[in-house]
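The values are calculated or read from the model by the stated rules, or taken from the named source; none is laboratory data. On a predicted model such as this, the values are computed, not experimentally measured, just so you know. Cβ placement follows ideal geometry from the backbone for every residue including glycine, while neighbour counts extend to all protein chains displayed.
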Amino acid sequence: MTSKVMPSKVLTALLAGAALAGLAACAETLPEAYTAKAPVVTQVTSLHAVRFAPDGVRLSDAEQQRLLGFLEEMRLREGDRILVELPAGAQPGDVANARALAVMQFLARNDLRGAPFTPRESGGQLLRVGVERVAVNAPADCPDWSAPRDFEAFVNGVHPNHGCANANNFAVMLANPRDAVEGRPLAPADAERSTLGVAAYRAFENIPLDPLPQSGDGD
């Protein structure tokens with residue numbers, strides 16, 4: 001009995017060892033898996049220093065022109081945000097708060113809107129105005145034909161160029177790049193219409209969707 005059982009066990013062990021050896025050999029030759037390309041979102045803030053006299057809060061004519069020149073050079077576009085420095089802990093009546101208010105009022109007179117921001121370090125006698133810009137682009141390595149076109153057929157993986165077209169099209173079609181970073185504030189809603197919808201939902205009075213036509217209808 002023993003002589004009949006041992007060969008089958010030995011054969012099974014040899015087959016298992018051969019399979020493991022084959023898997024190990026395949027693992028050594030398979031390349032690293034690729035992931036689909038995705039749009040790249042970058043956010044950059046360019047700063048401009050506005051000078052004030054010691055303890056002064058008035059924006060001089062020269063500084064007004066310098067500030068306008070900086071904004072013109074930035075060529076403001078959709079999604080840009082103008083930031084005005086307001087140090088942490090500033091209180092109404094403080095010099096820092098009065099300076100920030102003077103700059104914001106000047107921007108408003110030129111049909112520009114500034115939002116306060118708190119920098120990590122104080123600018124001393126300088127108040128900084130920044131332009132925060134968001135850019136959305138395709139990855140730098142697009143297009144990527146570094147692997148053969150039939151690469152994915154052998155390893156059941158993603159081709160390195162996969163997603164490049166979508167990433168590029170998304171970046172080109174996005175009118176406001178900031179939409180890739182944050183949502184827009186909701187506009188005022190029709191309260192009566194919203195209330196009717198909630199009431200119908202709670203009363204199980206929702207209108208069912210019409211069924212889609214079958215492909216064989218009308219034949």
Quiz prompt | Boolean, V41 is surrounded by 13 or more Cβ atoms within 10 Å (Cβ to Cβ), in contact with a strand residue (DSSP E or B) (Cβ under 9 Å, 6 or more places away or on another chain), at pLDDT 60 or above and of a type in the set (A, V, I, L, M, F, W, C) | solution = yes
Quiz prompt | Residue list for the range 162-199, restricted to those being of a type in the set (K, R) and surrounded by fewer than 12 Cβ atoms within 10 Å (Cβ to Cβ) | solution = R184, R193
Exercise. Those residues that are of a type outside the set (S, T, N, Q) and farther than 25 Å from D80 by Cα, I need them from the range 32-60; list them, please.
Key: E32, A33, Y34, A36, K37, F52, A53, P54, D55, G56, V57, R58
Self-check item: Yes/no for A33 being exposed (fewer than 11 other Cβ atoms within 10 Å of the Cβ), closer than 27 Å to A138 by Cα and touching a residue at least 24 places away in the same chain (Cβ under 8 Å)
Solution: yes
Quiz prompt | Residues (modelled with pLDDT of 90 or more and either in a loop (DSSP other than H, G, I, E, B) or acidic (D, E) (or both)) located in the range 158-168 | solution = G163
Quiz prompt | Members of the range 169-208 that are within 32 Å of the chain's Cα centre (by Cα), assigned to a loop (DSSP other than H, G, I, E, B) and β-branched (V, I, T) | solution = V181
Quiz prompt | Selected residue (criterion: farthest from R51 (Cα to Cα)) from residues of the range 66-106 that are assigned to a helix (DSSP H, G or I), under 28 Å from the mean Cα position of the chain (by Cα) and in contact (Cβ under 8 Å) with a residue 24 or more places away in the chain | solution = M74
Self-check item: Selection count where residues are among the polar types (S, T, N, Q) and assigned to a loop (DSSP other than H, G, I, E, B), scope the range 130-149
Solution: 1
Quiz item: Are there any pairs, at least 6 apart or on different chains, whose C-beta atoms fall under 7 Å, with the first in the range 201-219 and at pLDDT 65 or above and the second of a type in the set (A, V, I, L, M) and not in a loop (DSSP other than H, G, I, E, B), and if so, which?
Solution: N206/A200
